[in-house]
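One structure is given here, and the rest of the page talks about it.
Laboratory data are not the source of any read-out in this text; all were calculated from the coordinates shown. Being a predicted model, the structure only gives us computed values, none of them experimental. Reconstructed Cβ throughout: ideal geometry from the backbone, glycine too, with neighbour counts over all protein chains shown.
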Amino acid sequence: MTTELRFRAYLMRNRIAGWSTCVKSIAGCPDFFFPKRRLAVFIDGCFWHGCPNCGHTPKTNRSYWITKLRRNKRRDLRITKTLKSEGIQVLRLWECQLRRRPEWCVMKLTRALYL
C-alpha cells in the first residue's frame, strides 16, 4: 500500500472528511487539501525528500543524487513559502512518521484542522 493510500485509510478510519487529493490548482499539488480550512498536507517520502532520520544518499552516482535531493528540498521549501504567502496552512508529514506513529500524524492533522 502506498503512503498516500495508508494516510487516506487513517483519515477514513478517524472520520476526517472535507479533503481532496492531488489538487493540481494548488502550488505543489498537495497530496491532500482541505479547502474549507485552507490546509495543504504533503506526505513526503523519506528518500525523495531527504528525511533527516532515515533518508540516505545512494553510493553509486553520488554527486547526481546529492544534487537531486538538494534540489527537491529547495523545491519543497519554495512551495511551502508560496502556499503560506497565499494564506494556505501547510502540514508536511514524513513517510516514516506515518509508518511508525500513525496516531501522532492524525493528531497533528486534527490540531491543524481545528485550532
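Side notes on the structure shown:
- Label-point separation, L5 to H56 (7 Å along Cα→Cβ), nm: 2.5
- Whole-number D in µm² s⁻¹ for the chain, Kirkwood Cα-pair radius fed into Stokes-Einstein, 10 °C, 1.306 mPa s: 106
- Rounded to the nearest 500, the 222 nm mean residue ellipticity of the chain from helices alone is -15500 deg cm²/dmol, with -39,500 (n - 2.57) taken per DSSP H run of at least 4 residues.
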